[in-house]
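All remarks here apply to the structure that follows.
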Amino acid sequence: MNAFFQTVFDLLRLRAGPQDLPDSRPLTLAVIGVYLAQMVMTSQTVGAEHEPARSLTSVALHFAAVAGMLAWRKTPERLQQTLLAITATGTVVSLAAFILLLNVDPGVNQPLLALVWFAIFGWSLAVDANIFRHALRISLPIAMLITVLLLAVTYVALELLFP
C-alpha cells in the first residue's frame, strides 16, 4: 500500500503515469468510492441547489470521456489504471481545494486565497494532462488541450442539465 501512495505522490508531481499504478479492480473501485463520497460531501458543503447531482454528473461525464478516448486510441485495457490515477489524484486535489474553501470569507477580500485556489486549479489541469499523456500516448500539449476541452464540455453540459 505504501507503493500506491508513493505512486500517487509521483503522479501529483508529474513524475509517473497511470501505468505505474497497480491494475487492481478492488483498489480502483475503493478509490472511486472515496472520490465520489468526497465529491458529494464537498458539494453539500457548498450548499447550492443540485450541487451533489452536478458533481456526480460531472464525474460520470469525465469517466465516459476517458473510456471513449481510450477506446478511440484502441487501448481500452488502460481504463482501470487511468480511472484509478484520475480519482486518486482528484481526491487529493479536491481535498486541498476543500480545505481552502473552508477558509473563504465572502465579506473579506482575500487575494492570496484566490491565488492559491488558481494554483491548485492549474496544478489539477497539469496532473490530468500528464495522466492523459501517458494513457493515450500523446504529447503533453495535446493532452493539455484535451484536458481543457474536457473541462469546457463538462461545464457546458452541466449548465444545460442544471440551469
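No value in this document is a laboratory result; all are computed from the given coordinates. From a predicted model like this one, the values you see are computed outputs, not experimental measurements. Glycine gets a Cβ as well: all are built from the backbone with ideal geometry, and neighbour counts include every protein chain shown.
Could you tell me which label, among (1) 11.4; (2) 9.1; (3) 10.0, carries the value of mean projected area of the Cα convex hull in nm² calculated for this structure?
Matching the structure shown: (3).
Going by Cα centres, the range 8-80 and the range 89-163 are how many Å apart?
Comparing the Cα centres of the range 8-80 and the range 89-163, I get a distance of 13 Å.
Rank these for me by crowding, I146, I99, going from fewest to most other beta carbons within 10 Å. Please report the intermediate quantities before stating the final value.
Numbers: I146 18, I99 10.
Ordered from fewest to most neighbouring Cβ atoms within 10 Å, I146, I99 come out as I99, I146.
Under a GNM of the chain (C-alpha, springs under 10 Å), which listed residue has the highest mean-square fluctuation: A96, A135, A126?
A96
Mind running the shape call on the range 71-157? Use the C-alpha gyration tensor, a ≥ b ≥ c as the square roots of the eigenvalues: rounded below 1.5 for a/c, prolate if a/b tops b/c, oblate otherwise. Spell out each step's value before the answer.
Working: a/c = 2.68, a/b = 2.18, b/c = 1.23.
Since a/c reaches 1.5 and a/b is larger than b/c, the shape of the range 71-157 is classed as prolate.
Rounded to the nearest 500, what is the 222 nm mean residue ellipticity of the chain from helices alone, with -39500 (n - 2.57) per DSSP H run of 4+ residues and division by all residues?
-27000 deg cm²/dmol
Please build a GNM for the chain, connecting alpha carbons under 10 Å apart, and tell me which residue among V108, V153, V31 fluctuates the most.
V108
Of the options M39, A53, L21, report the single residue whose Cα projects farthest towards the positive end of the charge dipole of the range 9-163 (beta-carbon charges: Lys, Arg +1; Asp, Glu -1).
Final value for the positive-end residue is L21.
Using r as the Cβ-Cβ distance of T57 and L149, and R0 as 30 Å, what FRET efficiency do you calculate, to the nearest 0.05?
0.95
Between N109 and L29, what FRET efficiency comes out of the Förster formula 1/(1 + (r/R0)^6) with R0 = 35 Å and r the beta carbon distance, rounded to 0.05?
In this case the efficiency is close to 0.20.
How much length, in nm to one decimal, is gained on full extension between L95 and F121, taken as 0.36 nm per residue of separation minus their Cα-Cα distance?
Extending this stretch completely gives an extra 8.1 nm.
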